[in-house]
Each structure stands twice: as structure tokens, then as C-alpha cells.
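Here's the structure we're looking at; comments come further down.
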Amino acid sequence: MDTSKILLIAQIIVSILLAVSVLLQNRAEGLGQMFGGGGEIFRTKRGLEKFLYYFTIALIVVLVILSLVILKLSSK
């Protein structure tokens, strides 16, 4: 298998994981939050929520690096 194909497959997998991790984060707290009601109290992230937050950031960094590597390889 070609290196660019492996990187492209890795990029697709990371993109899917990123979408799932964003969807799993429970920030909305229902429809009331979407329309401006409730949820004004600041709270810290704990446990799984904190893990998902940092996991999402790591996936974004990996996705950007993969994209730049693929761009560099395709320009040759």
C-alpha cells in the first residue's frame, strides 16, 4: 500500500473520531441552553468530560499534522 493512501485512511479515521468526540461532549444541556435559558453557572470539567475535551484537542492537532503531511507529499 502506498504511503499517501495510508495517510489518507488515517486522516479519515481521525476525522470520524473527532466528529464523534465533539458529539459526545454534553455542552448544550437541553434546548433551554440553546435559547439562552439556564446554565450560567461556571463549572469545571471532570472525569470523562475532561478526557473528551483533551482528546478532542489532541485529535485536532493530529488532523492538522496529517493534513500538512499529505499536502507536502502531494506537492512533490
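Filtering the stretch 3-47 to residues that are of a type in the set (D, E, K, R) and at pLDDT 90 or above leaves only K5. Pairs meeting the criteria (first residue in the stretch 48-66 and modelled with pLDDT of 95 or more and loosely packed, with under 14 Cβ neighbours inside 10 Å, second residue not β-branched (V, I, T) and not in a helix (DSSP H, G or I), beta carbons under 9 Å, at least 6 apart or on different chains) are lacking.
The values are calculated or read from the model by the stated rules, or taken from the named source; none is laboratory data. All figures in this text were calculated on a predicted structure; none of them were measured in a lab. Cβ atoms come from the backbone with ideal geometry, glycine included; neighbour counts cover every protein chain shown.
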